[in-house]
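Report on the structure given below.
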């Protein structure tokens, strides 16, 4: 039914009601026009639905957007417009702070441990086993007295690298050059690591009086315990003398009166004049060499190929004479 037809019907109904009201003034007037208008309105909705809904479903009215929420008053301690931190952010920050504190604490503990442990290098000391010498011994010399090449070793009995040299460098030199008369080794005390270094050097010099310097030399290196930690205190040095078969009374007298203290001081002063700053340090004649067997062997071979190169030591060069037991 078209809209125009409904409107016409509404008008006819309205005209009929008007005539009825005029002929029956005592009755309640009809409101058909209003009803007809309402029906017409509803009819239009139906027609609109039927006409458009037969081919396409009617669109639903769009929902009204929610009114914007009014911002409440800012909390104390916050700035307007600045986003507040969430609980998760605070948790992450706390974790990072705790981790950083743990790292700092670990570094402090390691530093304290190193401070109290000192610089004795006890953990770096590897026990050594040094064989007895093969070549002839004479005081602090190892090898024939008239050997054409002289090797000088500056060493400290508390130095772990010197102990390694005694175990790994001197024995092959002994077999190859010292026993064959090609060279001899002269030991020099560079006792600079403390009191126990000086005491050990004096004890070894006293052992040389009884012809057992090299046995006492090996005993000291085999009993290293770190720098000035009591390994070479007086009681131990005297015990070592008894263990290698020295006359205890003669050794004790020599050690207690510090018979070789000045000789040890002279060796240290000589090393300073030669600008020696570390131990062990080796010289082949007048030539300083690296502290390894290959370097020392090469220097010996070169010296043997040049006769007379080491026959006359230069001024200030140590000689074998004057060593304890010489």
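Could you list, in sequence order, all residues of region 175-194 that are part of a loop (DSSP other than H, G, I, E, B) and either touching a residue at least 40 places away in the same chain (Cβ under 8 Å) or buried (at least 20 other Cβ atoms within 10 Å of the Cβ) (or both)?
179, 182, 190, 191, 192, listed by residue number.
Do we have residue 258 as in the same structural domain as residue 207 (by TED's automatic domain parsing), under 14 Å from residue 191 (Cβ atoms), under 36 Å from the mean Cα position of the chain (by Cα) and assigned to a loop (DSSP other than H, G, I, E, B) here?
Taking the combined requirement at face value, the residue does not satisfy it.
Tell me which residues, restricted to region 158-174, are free of Cβ contacts under 8 Å to residues at least 60 places away in the same chain and either surrounded by fewer than 23 Cβ atoms within 10 Å (Cβ to Cβ) or not assigned by TED's automatic domain parsing to the domain that holds residue 294 (or both). Walk me through how you get there before you give the answer.
Let us first name the residues in region 158-174 that are free of Cβ contacts under 8 Å to residues at least 60 places away in the same chain, namely 164, 166-167, 170-171, 174.
Scanning region 158-174 gives 164, 167, 171, 174.
Can you name the number of the only condition in (1) modelled with pLDDT under 95; (2) closer than 29 Å to residue 227 by Cα; (3) under 47 Å from the mean Cα position of the chain (by Cα); (4) surrounded by fewer than 21 Cβ atoms within 10 Å (Cβ to Cβ) that residue 325 fails?
Looking at each condition in turn, residue 325 falls short on (3).
Could you list, in sequence order, all residues of region 192-224 that are closer than 17 Å to residue 161 by Cα and in contact with a strand residue (DSSP E or B) (Cβ under 6 Å, 6 or more places away or on another chain)? Please lay out each step first, then the result.
At the first step, the residues of region 192-224 found to be closer than 17 Å to residue 161 by Cα are 192-194, 196-197, 200-201, 217-224.
Passing the criteria: only 201.
The values are calculated or read from the model by the stated rules, or taken from the named source; none is laboratory data. Computed from a prediction, not measured in an experiment: that's the story for all the values here. Cβ coordinates were reconstructed from backbone atoms using ideal geometry, including for glycine residues, and neighbour counts include every protein chain displayed.
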